[in-house]
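Notes to accompany the following structure.
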Amino acid sequence: ELKVEQNPLFLSMQEGKNYTIYCNYSTTSDRLYWYRQDPGKSLESLFVLLSNGAVKQEGRLMASLDTKARLSTLHITAAVHDLSATYFCAVDKIDNNDMRFGAGTRLTVKP
Amino acid sequence: DVKVTQSSRYLVKRTGEKVFLECVQDMDHENMFWYRQDPGLGLRLIYFSYDVKMKEKGDIPEGYSVSREKKERFSLILESASTNQTSMYLCASSSPTTFYGYTFGSGTRLTVV
């Protein structure tokens, strides 16, 4: 059974600091996703990572994938308050039609 | 703008009631999904469908059923609502050929009293 674990589950940061969220998954998967969810809102797709060594960046967020270690990281650089949200990682397989999510990391960026 | 629309944002139902949650997508996606979201548990897959009239159980199908009579519509049914089904329910859709992840609806917060 495919399981996805994220840590930490809660993260409180000061503005301007850097931090990393980790996502481990239990079995081989084809695609890894990062989503953002603001309170009371739905999930917004941030990144899709398809291959070992893939790295994608958008603003202060950078996601990477190590398929051998079954690990993805979401690195936050110089955090700002607007990044406060819950971040989910998820994985799926091309021939499986469904996606499994981690428990989410609730990020709070304090001034 | 592409959309997944869930019919209700908030619902309050009584224990034992039959509850229908509706989801409609306008992207001609083949795949549709129902998740429930609970604090600390992330999103858990209830059911999904990869074609009209097709359905597959996810991780937590007990107490739920689904219906997909048309490609654009995927309904989640709680046959006899119970308090432990109080949750946020999220519908999503995708195409088998897309690599952009799922498109999610805005969610239905269901409270069973």
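The values are calculated or read from the model by the stated rules, or taken from the named source; none is laboratory data. Just so it is clear, the structure is predicted and the values come from calculations on it, not from any experiment. Glycine gets a Cβ as well: all are built from the backbone with ideal geometry, and neighbour counts include every protein chain shown. These area figures cover heavy atoms from the full protein model, side chains too; ligands, DNA and RNA do not enter into them. Shrake-Rupley method; radii C 1.70, N 1.55, O 1.52, S 1.80 Å.
The table for this structure:
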{"quantity": "Chain A - percent of accessible surface contributed by carbon and sulfur, probe 1.4 Å", "calculated": "48"}
{"quantity": "Farthest toward positive dipole pole in region A:4-110 [+1 Lys/Arg, -1 Asp/Glu at C-beta], among A:12, A:63, A:85", "calculated": "A:12"}
{"quantity": "Evaluated at q = 0.12, 0.16 Å⁻¹: base-10 log I(q)/I(0), Debye formula over Cα of the protein assembly as shown", "calculated": "-0.64, -1.09"}
{"quantity": "Selected from A:79, A:90, A:54 as most flexible by GNM, with chain A as the system and alpha-carbon contacts under 10 Å", "calculated": "A:54"}
{"quantity": "Built amide H within the under 5 Å cut-off of residue B:106, gap 5+", "calculated": "B:6"}
{"quantity": "Cα pair distances of region A:4-110 binned at 10 Å [whole percent]", "calculated": "16, 51, 28, 5, 0"}
{"quantity": "Chains B and A together, accessible area buried on both sides, 1.4 angstrom probe, square angstrom", "calculated": "1700"}
{"quantity": "Furthest towards positive pole of dipole, B:6, B:74, B:20, structure part region B:1-100, Cβ charges", "calculated": "B:20"}
{"quantity": "Accessible surface, region B:4-112, averaged per residue in Å² (probe 1.4 Å)", "calculated": "47"}
{"quantity": "Protein-protein interface of region B:85-113, residues with accessible area decrease of at least 50 Å², isolated chain reference, 1.4 Å probe", "calculated": "B:99, B:102, B:104"}
{"quantity": "Cα-based convex hull, region B:4-112, per residue volume (Å³, whole number)", "calculated": "92"}
{"quantity": "Accessible surface, region A:27-111, averaged per residue in Å² (probe 1.4 Å)", "calculated": "45"}
{"quantity": "Value of relative contact order over region A:1-79, rounded to a whole percent, pairs C-alpha under 8 Å and six or more apart", "calculated": "32"}
{"quantity": "Solvent-accessible ranking of A:15, B:22, largest area first, probe 1.4 Å", "calculated": "A:15, B:22"}
{"quantity": "For region B:48-113, convex hull volume per residue from C-alpha positions, Å³", "calculated": "98"}
